[in-house]
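Reviewing the structure listed below.
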Amino acid sequence: MISTPQNSVDLSFAADAGRAAGVAVHCRQISKDFGDGDTRVRVLHDVEVEVPAGEMSLLVGPSGCGKTTLISIIAGLLDPTAGDVTLFGTPRSSLSARQLIAYRAKNIGFVFQQYNLLPALTATANVAIPLLIGRMNREQAFARARSLLTQVGMSDRADAFPSQLSGGQQQRVAIARALVHEPRLLVCDEPTAALDAHSGQTVMELLRRVAVQPDRAVIVVTHDNRVFRFGDRIIEMDDGRIQAVRTGDALVEAASETVAGTGKASGTQKAHDPS
Amino acid sequence: MNWVAWQMLTGDRAKYWGTIFGIAFGTLLISQQTALFMGLMRRTASQIDGVREATIWVMDPEVQNTDEILPLSETDVFRVRGVPGVSWAVRYYKGLARAKVSDGRFRQVMLMGLDETTMVGAPVEMLQGSLADLSRPDGVIVDKAGFEYLWPGVEPRLGDTLEMNDRRAVIVGVCKAGAPFQTFPLVFTRYTRALEYAPPERNRLSFVLAKPEDGRDVDEVCAAITKQTKLLALSRNQFFWRTIGYYLKSTGIPVNFGITIALGFIVGTAIAGQTFYLFTLENLRQFGALKAMGLANGRLVLMILLQAAIVGGVGFGLGMGVTAFFFEATKNVTHLAGFYLPWQVVLGSAAAVTMIVVLASLVSIRRVLVLEPAIVFRGA
C-alpha cells in the first residue's frame, strides 16, 4: 500500500493484525525552524505521520531531508516550532520539561549510530545505565543487564569494555541498553551506518528479533538500502516532508526507488514479509 | 549514578591523575608559600611573642616595630610605674651588637638585656645551663640556632666565649627561642651587662615592660600610661600586629609571596580546569546520551560536582601531604626553625582548592547544561 499526499499520510492500514496494537506515535502538523531572522531555515514542513506499535518503521531519505530532526522531536530531544507529537496517547505538549525527561527515561530507548557507550564502563554497566537512571539498585540493574546481554548474544563479553569490542558487538550492547528498561518506543539512528554489511545485517536481525514487540514501536532512521527488507514499513522523507509511506509488497518498490534517489546501489533488496 | 560518575572519572587514568596533579600542585604552592609567609611574618614579631610575663610594652611613640627602636630615658621606667593600674614595670634592652668569636670571626647578634631581679623577657625553654647562671660575671645565654651560626658544626655547649664591645661574654646557657626575622643569634644577658656590650648612646632603654594590676583592663592601662607619660603603650597583641603590619606595608615580602600564592592558584586552576574541561569535552557525547536517556540536568550537575569533589579531595590531600612532609622534614633545620603548617593555612588552602574545583567544574557544568541531547543523533 502506498499513500502519497505531500504532507499528510494516512497510516490507518492494518499492517499486520496480529502485531499492530494501535498508534504509538502520532505527529500532528510538525514544523521545525532553525536559526532566526534572515538565517531562519525551515527543516520540517507540517509533517503529519503515524507510527503503529508492533512494527519496525524505517525512516528513509537523503541526507539533510529532516529525518534526524523528526526523530529528535518524536523522542522529545527537540521542541517542534509548530505542531505536536502524541506518544502512546500522551500529547507531548501536555508534559512539562521535567515530566518529558521522566517520560523519556521510562518509555523511550535509543540506539545511536556511534553507539555512545561509556568507555569507562563494562558492557554490563553500560547496559544497566537506563535502570540506574531510573534509580534501580545497582545489583538488580546489573542482573537485568546481564540477562539482556544474553538475549543479544553478548553474555560472554559482559565484562568487556567498549574498546575491547568490535563495532557490531558494541551496537549489540547498545541495543541491549536501549531495551533493558523495556521502553515502549525504540528510536534507532543509523544503527548500521558504522558497520560492515555482515555486522549490519546481524544488528538488524537482532533488532527484529528482540525489539519488535506488540506493544512497542521501533523507528529506524537509515539510508542503508541493505536493511530495508527488515522493516514493516518505509516512511520516505525529502526536503522536510513525508513523501510516501510504503508497506507490504510496496516495500520492494520503495527500496528500489529510495536507493535510486539516494544514489545507492540496489541489487537484491527484498522486502521483509510481515507475515 | 554516582558510581557511573566515579567510573567515568577514573576510567581515563591519564586525565584523572592530570587533574589531581594540577590541584595537588596548586595546593602545594598555596599552602607551602602561605605557611612560609606566615612563619616569616611571625618571625618579625617573635621577640614580642617571646616575652610572656609582660602584657604591656611601652616605647617611644615613633617606634613602629621591634627592630627600629628610639631609646627611652632610664627614668621612664619610674614614670610608668607611677601610672595608676600598673602592677609592675621593668627595663628591657633590645639592640644589635657585634660579637667576635675567639678565632676572629664575628657575627651581628641581637642583644637582649633583662631586668636584673625579675628576669622578665628571659627565654622560656633552656636546653643547657640555667637562667640563674646569668648572675655569673660575663654570663650570657644564646639561642641554639644562634650558637650554630656562631660556631658552625659545633654541638651547642657551655663555656665558649664571645667578645662584644671589647668585653668578654661567656656562654652559660643555651636556650630555644623564636627565630628573629633577621637570622641574628639571640644573646640574653642582664640589663646592666647588655648596656656594656651595646654601643654607647645617651639613652639606651629600649622598652619598658609592664603588667596591669589584677582585674585591670590592659587597654585601659595602656591608655593611662600613654596619657600620663606621653610614651606609646601597647598591649602585647597590639605591638605584635603593629610590627607585622609594618613589614606587610613597608617591604616587598607580601607582594612576592602573594605573587607565588596567586600563581599557585592560577596554575592549579588552569591545569585542573583545562584537564577537567577536556575530560568533559571528550565525554560530551556520552553526557548527551545520558541526557537523551532521561538523566535530568540536576543529576548530571551532581555527577560533575562529585567528580570535581573527588579530584579536589585527592589533589588537596596529596598537595597538603607534601607540604606537611616538607615542614616535618625541615623542622630541625636551623635556618627554617619556627616554620610550620598552621591549621589556618590548611583551612585557607582548602577554601582556595574548593574555589579551584568550583571554577574548574563550572565551565564543564555550563557546557553540559547547554548541551542539546539531540547531539547524539549527529554522526561523528
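The values are calculated or read from the model by the stated rules, or taken from the named source; none is laboratory data. Everything numeric in this text was worked out from a predicted model, so none of it was measured. Note: ideal-geometry Cβ built from the backbone for every residue, glycine included; neighbour counts use all protein chains shown. These area figures cover heavy atoms from the full protein model, side chains too; ligands, DNA and RNA do not enter into them. Shrake-Rupley method; radii C 1.70, N 1.55, O 1.52, S 1.80 Å.
Can you name the residue in the stretch A:200-226 that is in a helix (DSSP H, G or I) and of a type in the set (A, V, I, L, M) and is also nearest to A:Gly109 (Cα to Cα) among such residues? Ranking the qualifying residues of the stretch A:200-226, first place goes to A:Ala211.
Tallying residues that are touching a strand residue (DSSP E or B) at 6+ places or on another chain (Cβ under 8 Å), at the interface with chain B (Cβ under 10 Å from one of its Cβ atoms) and aliphatic (A, V, I, L, M) within the stretch A:106-118 yields 1. Does any residue of the stretch A:96-103 turn out to be open to solvent by 20 Å² or more (accessible area, probe 1.4 Å), closer than 14 Å to A:Ala178 by Cβ, within 9 Å of chain B (Cβ to nearest Cβ) and basic (Lys, Arg)? No, the stretch A:96-103 contains no residue that is open to solvent by 20 Å² or more (accessible area, probe 1.4 Å), closer than 14 Å to A:Ala178 by Cβ, within 9 Å of chain B (Cβ to nearest Cβ) and basic (Lys, Arg).
Taking the residues in the stretch B:167-182 that are modelled with pLDDT under 90 and surrounded by fewer than 16 Cβ atoms within 10 Å (Cβ to Cβ) as candidates, determine which candidate is farthest from B:Gly50 (Cα to Cα). Even if it seems obvious, please write down each step before you answer.
Start the filter on the stretch B:167-182 by keeping residues that are modelled with pLDDT under 90, which leaves B:176-182.
Then keep just the ones that are surrounded by fewer than 16 Cβ atoms within 10 Å (Cβ to Cβ); that gives B:176, B:182.
Details: B:Lys176: 10, B:Gln182: 16 Å.
The selected residue is B:Gln182.
Within the stretch A:168-204, being in contact with a Ser or Thr (Cβ under 6 Å, 6 or more places away or on another chain) and among the small types (Gly, Ala, Ser) holds for A:Gly168, A:Gly200.
Picking from B:Leu290, B:Leu369, which residue would you name as being within 14 Å of chain A (Cβ to nearest Cβ), at pLDDT 85 or above and exposed (fewer than 15 other Cβ atoms within 10 Å of the Cβ)? Working first, answer last.
Values: B:Leu290 fails: exposed (fewer than 15 other Cβ atoms within 10 Å of the Cβ).
Testing whether each residue is within 14 Å of chain A (Cβ to nearest Cβ), at pLDDT 85 or above and exposed (fewer than 15 other Cβ atoms within 10 Å of the Cβ) leaves just B:Leu369.
On the stretch given as the stretch A:77-95, residues that are at positive phi and either at the interface with chain B (Cβ under 9 Å from one of its Cβ atoms) or modelled with pLDDT of 90 or more (or both) total 1.
Looking across the stretch A:119-169 at every residue that is within 10 Å of chain B (Cβ to nearest Cβ) and assigned to a loop (DSSP other than H, G, I, E, B), the one that is least open to solvent (accessible area, probe 1.4 Å) is identified as A:Leu121. When we screen B:Val345, B:Val314 for residues that are more than 14 Å from chain A (Cβ to nearest Cβ) and open to solvent by 40 Å² or more (accessible area, probe 1.4 Å), the only hit is B:Val314.
Return yes when B:Leu359 is open to solvent by 60 Å² or more (accessible area, probe 1.4 Å), within 14 Å of chain A (Cβ to nearest Cβ) and in contact with a helix residue (DSSP H, G or I) (Cβ under 7 Å, 6 or more places away or on another chain) and no when it is not. Here the answer is no, as B:Leu359 does not meet what is asked. Considering only the stretch A:196-251, state which residues are at pLDDT 85 or above, over 30 Å from A:Leu165 (Cα atoms) and basic (Lys, Arg). Residues satisfying the conditions are A:Arg233, A:Arg241. Look at (1) open to solvent by 40 Å² or more (accessible area, probe 1.4 Å); (2) within 14 Å of chain A (Cβ to nearest Cβ) and you find that B:Asn332 fails only one, number (2). Exactly one residue among B:Asn256, B:Asn283 is more than 14 Å from chain A (Cβ to nearest Cβ), more than 30 Å from B:Trp88 (Cβ to Cβ) and either open to solvent by less than 60 Å² (accessible area, probe 1.4 Å) or of a type in the set (S, T, N, Q) (or both), and that residue is B:Asn256. For residues in the stretch B:1-28 being aliphatic (A, V, I, L, M) and open to solvent by 40 Å² or more (accessible area, probe 1.4 Å), which is farthest from the other protein chains (Cβ to nearest Cβ)? So the residue we want is B:Leu28.
Which of the residues spanning the stretch B:47-77 are part of a helix (DSSP H, G or I) and surrounded by 20 or more Cβ atoms within 10 Å (Cβ to Cβ)? Break it down stepwise before answering.
Taking the stretch B:47-77 first, the residues part of a helix (DSSP H, G or I) are B:47-50, B:76-77.
Across the stretch B:47-77, the qualifying residues are B:Gln47, B:Ile48, B:Asp76, B:Val77.
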